[in-house]
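Structure, as structure tokens:
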Amino acid sequence: MPGLVSVKSPAEAEALRISVPNTPSQVQASNKTPSPLPKKPPSPSPSRSSKKKTPETPPNDASLDNPDLGPFLLKLARDTIASGDGPAKALDFAIRASKSFERCSDEAQPSLDLAMSLHVLAAIYCSLGRFEEAVPVLQRAIQVPDVSLGPDHALAAFSGYMQLGDTFSMLGQVDRSISSYDLGLQIQIQALGDTDPRVGETCRYLAEANVQAMQFDKAEELCKKTLEIHRAHSEPASLEEAADRRLMALICEAKGDYESALEHLVLASMAMIANAQDNEVASIDVSIGNIYMSLCRFDEAIFSYQKALTVFKSAKGENHPSVASVFVRLADLYHRTGKLRESKSYCENALRIYSKPVPGTTAEEIAGGLTEVSAVFESVDEPEEALKLLNRAMKLLEDKPGQQSTIAGIEARMGVMYYMTGRYEDSRNSFESAVAKLRASGERKSAFFGVVLNQMGLACVQLFKIDEAAELFEEARGILEQECGPCHQDTLGVYSNLAATYDAMGRVGDAIEILEYVLKLREEKLGIANPDFEDEKRRLAELLKEAGKTRDRKAKSLENLIDPGSKRTKKEGTKRWPGLGFRI
């Protein structure tokens, strides 16, 4: 069965924060865009997102026609928030202020005051967890400025699009979030030019959002642009360049380009050392250790992890989550090298820290740590213990807005482990919940989503829900063909599963068509050394015999009969059900 992967939140993940400018000119002056990478695409809990009754202003309130009332009410809203009197009263002031600006605005001259009041109103809605109500407010706000009237209007529109993107992200609507960010970036480039440092900040922001959506090619393109801008405007080995290189390393690692990732991390580490950022150097050492482990350079990985551990213990204390995260990586490393006693010891040390976290540790940090520890237990064939940890992690995130994709990833992993332990109904239910969340978050086109659909289909087969399994395999095939290509192992696995499903449904012709296509791919593009080839060839022969047909074969050149790139041995071949040929 293909492995499940998800992008984890870094330990420093923060909740959404939307800044509200005091004046239109402050919108232009802002040159820092908060990083979206810590955000997780998920849905707020019902208790947070439920609509509460909004104070209503009588439609015939003549006082709102006073042009001095809007600025006064907007100031009251800001002062109320600053004094801590509660957002409900501030919400009333902001609603009345926006209505007053709306009434007093001149249609011939768009009002930036109206746009600003709507931004404030949307920010208050978000602070109350009422993200759905903030969306139409922001959509109205971005219609107010006229970009052709100058930089103030352009940057007010930019601010609105970015705030709207943040709000969509907190609702888990990743596609709409990135679309809003894209529109904001285009407006900013028109106003400031494509080499302005503020454009670089937005490119980085958007690159991180694309990483969250696992759109790594787009993220790499944006990150390269960010690096070019920062190199042009910053000193060599600047903190900005170091941050860009860390993001680029993350992208390269996700794409499997470990050597390039290592190069970027080493350059980032040198920049941080030059700027005396010891804690950041330690964090980079952890990332370097991860790359070394992926390259099976275990001694170098241990050295990097131990360097980071020494700094974290000294700077943050023995019980800090950063220390626990290094323990988890060492546990994984020692498991891979067969040192199970050391691996278990590091797992226990990490769980001790996560069970009694130091003050200030966020629920997201603990949940991320528990998820990582569960992966180690899963790898040592202790699925029940792993399931307990994943359940704890999921409960910590249930009431957190913006965590839908994270929870979906946890549920998908739980589905895999339920499947491994023979609890197929629980497996299907976990996958079903994960699929629903991923659909809502806009990840229905990602390769990860296709893998989850495939695994849910396998659970359905075990429950004899063949028609449902066929629908899931068909959807997974379409996604993986688009995202990974027909020759990718995950795509080939879905082909095999779909063919077996069609066979079980009596659709022998469709099954034959798929298997002939797979064999043609292997013979012409992948080579036949892969151990799956003979199994698929045998299955096709059986189906053709049943249908009274023979396979139409063409002459193959010798170079197509051998797969020089195949690194899998017979022992490492994909497991199959011998009866039907399902690939798990």
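The values are calculated or read from the model by the stated rules, or taken from the named source; none is laboratory data. What you see is a predicted model; the values in this text were computed from it and never measured. Here the Cβ positions follow ideal geometry from the backbone for every residue, glycine too, while neighbour counts run over all protein chains shown. Heads up: the accessible areas ignore ligands, DNA and RNA and are worked out on the full protein's heavy atoms, side chains in. Shrake-Rupley method; radii C 1.70, N 1.55, O 1.52, S 1.80 Å.
To keep it simple, each residue is scored yes or no on (1) in contact (Cβ under 8 Å) with a residue 60 or more places away in the chain; (2) under 28 Å from the mean Cα position of the chain (by Cα); (3) under 27 Å from residue 222 (Cβ atoms).
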site	(1), (2), (3)
117	no, no, no
123	yes, yes, yes
164	no, yes, yes
174	yes, yes, yes
180	no, yes, yes
189	no, yes, yes
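Do we find that residue 299 is under 30 Å from residue 403 (Cβ atoms) and open to solvent by 10 Å² or more (accessible area, probe 1.4 Å) in this structure? The answer is no for residue 299.
Restricting attention to the range 389-405, and to residues there that are at pLDDT 80 or above and among the basic types (Lys, Arg), which single residue is nearest to residue 370 (Cα to Cα)? Only one residue fits best here, namely 392. Which residue pairs have Cβ atoms closer than 7 Å, lie 6 or more positions apart in sequence or on different chains, and pair a first residue in the range 463-487 that is closer than 17 Å to residue 503 by Cα with a second residue that is open to solvent by 50 Å² or more (accessible area, probe 1.4 Å) and outside any helix (DSSP H, G or I)? Once the first residue is closer than 17 Å to residue 503 by Cα and sits in the range 463-487, its partners that are open to solvent by 50 Å² or more (accessible area, probe 1.4 Å) and outside any helix (DSSP H, G or I) give 466/505; 470/505. For the range 216-233, a residue qualifies if it is touching a residue at least 24 places away in the same chain (Cβ under 8 Å) and either touching a helix residue (DSSP H, G or I) at 6+ places or on another chain (Cβ under 6 Å) or surrounded by 19 or more Cβ atoms within 10 Å (Cβ to Cβ) (or both), and the qualifying residues are 216, 219, 220, 223, 225, 226, 229, 230, 233. On inspection, residue 377 fails the criterion of being among the aromatic types (Phe, Trp, Tyr) and within 15 Å of residue 448 (Cβ to Cβ). Selection of first residues in the range 287-314 that are in contact (Cβ under 8 Å) with a residue 24 or more places away in the chain and of second residues that are outside any helix (DSSP H, G or I), restricted to Cβ pairs under 8 Å at least 6 apart or on distinct chains, gives the following pairs, ordered by first then second residue: 298/337; 312/320. Of the listed requirements (1) part of a helix (DSSP H, G or I); (2) open to solvent by 40 Å² or more (accessible area, probe 1.4 Å); (3) closer than 22 Å to residue 321 by Cα, residue 429 misses just one: (3). For first residues located in the range 238-264 and on the phi < 0 side of the Ramachandran plot, partners that are outside any helix (DSSP H, G or I) and lie 6+ apart or on another chain with Cβ distances below 7 Å form the pairs 239/275; 240/234; 241/234; 258/295. Out of all the residues in the range 352-369, is one or more in a helix (DSSP H, G or I) and surrounded by fewer than 17 Cβ atoms within 10 Å (Cβ to Cβ)? The answer is yes; a qualifying residue exists. Is it the case, given these coordinates, that residue 159 is buried (at least 22 other Cβ atoms within 10 Å of the Cβ), within 11 Å of residue 115 (Cα to Cα), polar (S, T, N, Q) and modelled with pLDDT of 90 or more? Judged against the criteria, residue 159 is a match.
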